[in-house]
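Undergrad: Structure below; questions to follow.
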Amino acid sequence: MTGFTEKKEVLKNLIKRLHQGQDPKEIKEKFKELIKDTGATEIAKLEEELIKEGMPQEEVHRLCDVHIALFKESIEKEKVLAPAGHPLHILMEEHKIILQFADELKNVSQKAENKDKAPMQTAAAELEQIREKFRSSASHYLREENVLFPYLEKHGISQPPAMMWMEHDRIRGIEKNLYEFINSCGSMDYEHFSKNLKDLSSALAEMLSGHFYKENNILFPTSLKVISGNEWKDIKKEFDELGYCSFTPESAISGLKETITERTTKPEVEGMAVFSTGNLFHEEIEAIFNALPVDLTFVDKEDMVRYFSQSKERIFTRTKAVIGRKVQHCHPQKSLHVVNQILEDFKSGRREAAEFWIHLDGRLVYIRYLPVRSEKGEYLGCLEVTQDITEIKSIEGEKRLLL
C-alpha cells in the first residue's frame with residue numbers, strides 16, 4: 001500500500017472503528033502495520049487531510065492517542081546509543097522525561113472531561129506545575145540547535161537539522177499557546193476549558209512523540225556515524241557551558257568518566273588572531289569594535305589608556321594623543337576620587353560594575369565601567385562602555401518584521 005488516498009482510507013476506517021467502541025489495543029496492532037511504511041510526518045499530514053475534509057477533530061484525536069502510545073512504546077524500548085555522560089544519552093534521557101510531562105498534561109485533560117473528578121481550580125493548579133516543567137525544557141532544544149546541529153552541518157548534514165529546528169519552532173508555538181491558555185483559563189466556562197485543554201494536550205503530545213522518534217531513530221544514529229570521538233568531548237563541554245534542564249538526571253550528565261581535553265583552535269590563515277570561540281583577522285577585529293553601537297575605552301592594569309573604539313557617533317571626544325596616558329590625567333580634579341575608587345574596587349574584587357547615566361544635549365547617556373579579568377580571575381584592566389539609550393528607553397511592544 002503506497003498511495004496517499006489508500007492510506008487515508010485506512011486511517012478513516014480505524015477512526016470509525018474506534019468511534020464504534022472497538023478495543024484500542026486491536027486498533028493499535030492495525031495501526032502498527034500502516035506505520036511500518038509511513039513516516040510520522042506523513043501520518044500527521046493524513047490526519048490533517050481528514051480534518052480538512054470535515055472529520056471532527058475529536059474523532060481524529062482518538063487515533064492520535066493510539067499514535068502517541070505507539071511512539072512512546074518505541075522510544076521507551078529503544079536501545080542505548082551511547083553511554084551515560086555522552087551528549088546523545090543526555091538528550092535521549094530528556095526525551096523520556098519530557099514525554100512524561102506530556103502524559104501528565106493529557107491526564108489532567110482527561111480528568112477535566114469529568115467535572116466531578118477534577119474541579120477546574122484543581123486542574124488549573126496542576127497545569128501551572130506542568131507549565132514550569134515544560135518551560136525548563138527550553139535548554140534541551142537550545143543545546144541541539146546551538147551545538148549538535150552546527151557539528152552535523154560541518155560534516156555536510158544540513159537538511160535533517162534544519163527540519164528538526166522547524167519542528168522545535170512548532171513545539172515552541174504549541175507550548176506558547178498552552179501557556180497563554182493556562183494564564184487565561186480562570187475566565188473560561190468549563191466546556192470551553194475542557195475542549196481547549198484536550199486540543200492542546202493532544203497536539204503537544206503528538207508533536208513531541210513524533211519529533212523525538214525521528215531524532216532518536218534518524219538524527220542521533222546519523223550523528224554517531226559522522227561526528228568523531230574527540231568532537232563529542234567538545235560537544236559535551238559546550239553542553240555543560242550552556243547548562244541543562246532542571247529535570248536532567250545528574251547520572252546522565254556526569255556518567256562519562258573520560259577527561260574532556262581542552263580544544264586547541266588553530267588559525268585557518270597566517271595572521272589570524274585565535275580566540276577560544278573562533279578566529280579573526282586584525283582588520284575584522286577593529287571593524288567589529290567600530291561597528292558596535294557603543295563607545296569602548298580600555299584602561300590596562302597600570303591605569304594606562306591603551307585603546308578606544310571609533311564608532312560612527314562617538315559621544316565623548318577621544319584623540320590618539322590619549323593613548324599611553326594615565327587615566328587619572330584624563331579626568332577633572334573634582335571627579336578624580338571617583339575614578340580612583342572605581343579602579344581600586346575593581347582591583348580588589350569589591351566591585352564588578354560601576355554605572356552612571358546623564359543627560360547630554362537632550363540625549364540620555366548610559367556609562368558603564370567593567371573590570372576585565374583573565375580566566376584565572378586576574379585583573380587586566382577596566383573597560384568603559386558608553387551608549388546613547390534615548391531611543392532604547394522609548395521602545396514599547398514588539399517589532400518582528402524588517403521594515
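Where a number appears in this text, it was derived from the coordinates with a stated rule and is not lab data. Just so it is clear, the structure is predicted and the values come from calculations on it, not from any experiment. In this analysis, Cβ positions are derived from the backbone assuming ideal geometry, glycine residues included, and neighbour counts consider all displayed protein chains.
Undergrad: Taking every pair of Cα atoms in segment 129-206, average 1/r, invert it to obtain the Kirkwood radius, and report Rg/Rh to two decimals.
TA: Expressed as Rg/Rh, it is 1.12.
Undergrad: Enumerate the calculated ³J(HN,Hα) couplings along segment 228-240 in order (Karplus 6.51 cos²θ - 1.76 cosθ + 1.60, θ = phi - 60°), each rounded to whole Hz, writing x wherever the residue is Gly or Pro.
TA: In residue order, the calculated couplings are 7, x, 5, 5, 4, 5, 5, 4, 4, 4, 6, 4, 4 Hz.
Undergrad: So how much slack lies between T222 and A138, counting 0.36 nm per residue of separation and subtracting their Cα-Cα distance, in nm?
TA: My answer for the length gained is 27.9 nm.
Undergrad: Hey, which of these cross-link pairs are over 21 Å Cα-Cα: K347/K376; K301/K326; K52/K96?
TA: K52/K96
Undergrad: Under the Karplus relation 6.51 cos²θ - 1.76 cosθ + 1.60, θ = phi - 60°, what is the ordered set of whole-Hz ³J(HN,Hα) values for segment 317-324, x standing for Gly and Pro?
TA: 5, 9, 10, 5, 5, 7, 5, x
Undergrad: Along the principal axes of its C-alpha atoms, what lengths does segment 345-403 span, in descending order and rounded to whole Å?
TA: 45, 30, 15
Undergrad: If segment 294-393 were replaced by its equivalent ellipsoid, with semi-axes equal to the square roots of 5 times the Cα gyration tensor eigenvalues, what would those be, largest first, whole Å?
TA: Gyration-tensor ellipsoid for segment 294-393: 22, 16, 14 Å.
Undergrad: Still on this structure, I have one more. Skipping prolines and chain starts, which residues have an amide H placed within reach, meaning under 5 Å, of the one on R325, given they are 5 or more residues away or on another chain?
TA: V305
Undergrad: Between H331 and V274, with labels modelled 7 Å along Cα→Cβ, what's the label distance in nm to one decimal, could you check?
TA: 3.8 nm
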